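The values are calculated or read from the model by the stated rules, or taken from the named source; none is laboratory data. As the structure is a prediction and not an experimental result, all values here were calculated from the model. Note: ideal-geometry Cβ built from the backbone for every residue, glycine included; neighbour counts use all protein chains shown. Surface accessibility is based on the protein's heavy atoms, side chains included, excluding ligands, DNA and RNA. Shrake-Rupley method; radii C 1.70, N 1.55, O 1.52, S 1.80 Å.
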Amino acid sequence: MRKLKRKHLVLFLLVVTAIACAGILATCQKKHVHSLSPTAAVEATCTKDGNSAFWHCAECDKYFSDEAGKNEITLESTRLPALGHAYGEPEWTWNETSSAQAVFSCTRSGCEHRQTETDEAPASKEISPAGCEKEGAMLYTATVTFNGKQYTSEKEAAIPALGHAYAEPEWTWNEASSAQAVFSCTRSGCEHRQ
């Protein structure tokens, strides 16, 4: 009888094991169906990252590039890095001739970022000297460095006429006891007399 019980026990354990294995196999063979949530594409801006469109299954925590969940990707691969500002040529503003400001504006649509650089002491060079009655001209050059590149702006300004510089008069006496004073300009190249 003991032998019979042992056989039944072994048979019983084999049946239980087979049923358990069948259940495990059925579970293992059951295919996971993704429950996908879409994430819309977001364009990167000058200062913020964006992302391409993707779908995520919260159940298995996987990411996909397609709505059907066939092309698995990483979350990092959806990241679109910030673009950074794109600057064009600066707009210059002069404060008479004592300083000049270069304003660099971002050219990307929707961005209003501006960066200002100033030259507090523009270089100057005389183009033409002023005369007694004629204006001269001075050229001022402002220079700023922005993002590793040098930018310049030039401004021409008038040098006011100097006016005559008179020496002591030359006196000429007439016979009638009258005198005439002649004033001569002493500036180089000027022959003005009065």
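Summarise the accessible area of the range 66-135 (1.4 Å probe, protein heavy atoms) by the percent that is carbon and sulfur.
Of the solvent-accessible surface of the range 66-135, carbon and sulfur hold 44 percent.
Using the Cβ of TRP55 as centre and a radius below 14 Å, the other residues enclosed give a net charge of -3, where K and R count +1 and D and E count -1.
Dipole magnitude for the range 52-91: about 140 debye, using +1 per Lys or Arg Cβ and -1 per Asp or Glu Cβ, origin at the Cα centre.
Give me the net charge of GLU43's neighbourhood, meaning all other residues with Cβ under 11 Å from the Cβ of GLU43; Lys, Arg count +1, Asp, Glu -1. Combined, the nearby Lys, Arg, Asp and Glu give +1. All other residues whose Cβ lies under 15 angstrom from that of VAL182 are scored, Lys and Arg at +1 and Asp and Glu at -1, for a net of -2. Placing +1 on each Lys and Arg Cβ and -1 on each Asp and Glu Cβ, with no other charges, gives the chain a dipole about its Cα centre of roughly 3580 debye. Please determine, in degrees from 0 to 90 and to the nearest 10, the orientation of helix 2-29 with respect to the longest principal axis defined by the Cα atoms of the chain, where the helix direction is its Cα long axis. Approximately 30 degrees, to the nearest ten.
Look at the dipole of the chain built from charges on Cβ: of THR17, SER65, ALA53, the Cα furthest out on the positive end belongs to THR17. Working value for the chain: equivalent-ellipsoid semi-axes of 101, 13, 9 Å, each the square root of 5 times a Cα gyration tensor eigenvalue, largest first.
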